[in-house]
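The values are calculated or read from the model by the stated rules, or taken from the named source; none is laboratory data. Since this is a predicted model, take the numbers as computed values, not measurements. Backbone-built Cβ (ideal geometry, glycine too); neighbour counts: all protein chains shown.
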Amino acid sequence: MRMTKAVISGIGPDQPGIVAAIANILFKRGCNIEDTTMTRLAQEFAVILVISLPEGVAFSELQREFSTLEESHNMTALIKPIPDSVSLDSHIPNNPYMVSVAGQDRAGITYHVSRKLAEMDVNITDLNAQTIQGDDGSVYIMMVEVDIPNTIAVETVRHELQILAKEIDMEIQLRPLEAVAL
């Protein structure tokens with residue numbers, strides 16, 4: 001049986017039952033959730049899913065179902081087909097590392113770190129950041145999962161991040177990302 005793939009993204013006010021409502025729509029249509037990130041940001045709930053639709057389920061049917069979710073949960077959703085030529089296996093990092101960043105909050109931290117990683121051709125695979133209240137004011141904490149290409153030495157990345165840490169007066173650490181055994 002051939003499955004069509006799609007990406008669904010949505011955002012709306014955080015409230016109990018959103019995940020169940022999304023999962024219900026997908027379950028009723030026989031869809032399979034292959035990859036997802038769901039999180040609360042401030043008072044909003046954000047979701048991104050990669051799904052497979054069984055043969056015979058049209059995107060229009062799914063869009064109609066999600067329009068009811070938009071009404072019932074005040075959510076905005078977007079469904080985008082994934083071309084058959086896209087391999088979902090290519091998302092598995094070859095050389096996963098975690099970059100942690102911490103220091104006094106100010107504008108530009110995410111920009112400087114992401115720019116430095118891009119200059120080295122290091123791919124960001126996940127990024128989480130938030131501001132918390134510290135003893136001396138607001139503290140910015142960012143956790144960035146990255147995939148370091150085999151063409152660059154990990155020590156080179158570490159060295160470049162330490163130079164950046166001094167330039168922007170932040171603490172930046174790089175460590176291997178451990179696989180979680182289930």
- Single unsatisfied condition, T36 versus (1) more than 29 Å from A129 (Cα to Cα); (2) touching a residue at least 12 places away in the same chain (Cβ under 8 Å): (1)
- Residues satisfying the stated conditions in region 102-116, i.e. outside any strand (DSSP E or B) and out of contact with any helix residue (DSSP H, G or I) (no Cβ under 8 Å at 6 or more places or on another chain): D105, R106, A107, T110, Y111, S114, R115
- Query: Can you name the number of the only condition in (1) of a type outside the set (F, W, Y); (2) exposed (fewer than 12 other Cβ atoms within 10 Å of the Cβ); (3) over 23 Å from A42 (Cβ atoms) that R158 fails?
  - Reply: (2)
- Restricting attention to region 112-139, report how many residues are under 15 Å from A165 (Cβ atoms) and within 17 Å of the chain's Cα centre (by Cα). 3
- Select from region 1-43 the residues that are hydroxyl-bearing (S, T, Y) and surrounded by 13 or more Cβ atoms within 10 Å (Cβ to Cβ) and list them in ascending order. T4, S9, T36
- Note on the structure: Log entry, pairs with first residue in region 59-73 being under 27 Å from P83 (Cβ atoms), second being in a helix (DSSP H, G or I) and among the hydrophobic types (A, V, I, L, M, F, W, C), beta carbons closer than 6 Å, six or more apart or on different chains, reads E65/I25; L69/A21
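Quick check: is even one residue across region 80-98 on the phi > 0 side of the Ramachandran plot and either outside any loop (DSSP other than H, G, I, E, B) or at pLDDT below 95 (or both)? Working first, answer last.
Step one: filter region 80-98 for residues on the phi > 0 side of the Ramachandran plot, giving none.
No: zero hits.
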- Quick one: how many residues across region 130-182 are free of Cβ contacts under 8 Å to residues at least 40 places away in the same chain, among the polar types (S, T, N, Q) and in a loop (DSSP other than H, G, I, E, B)? 1
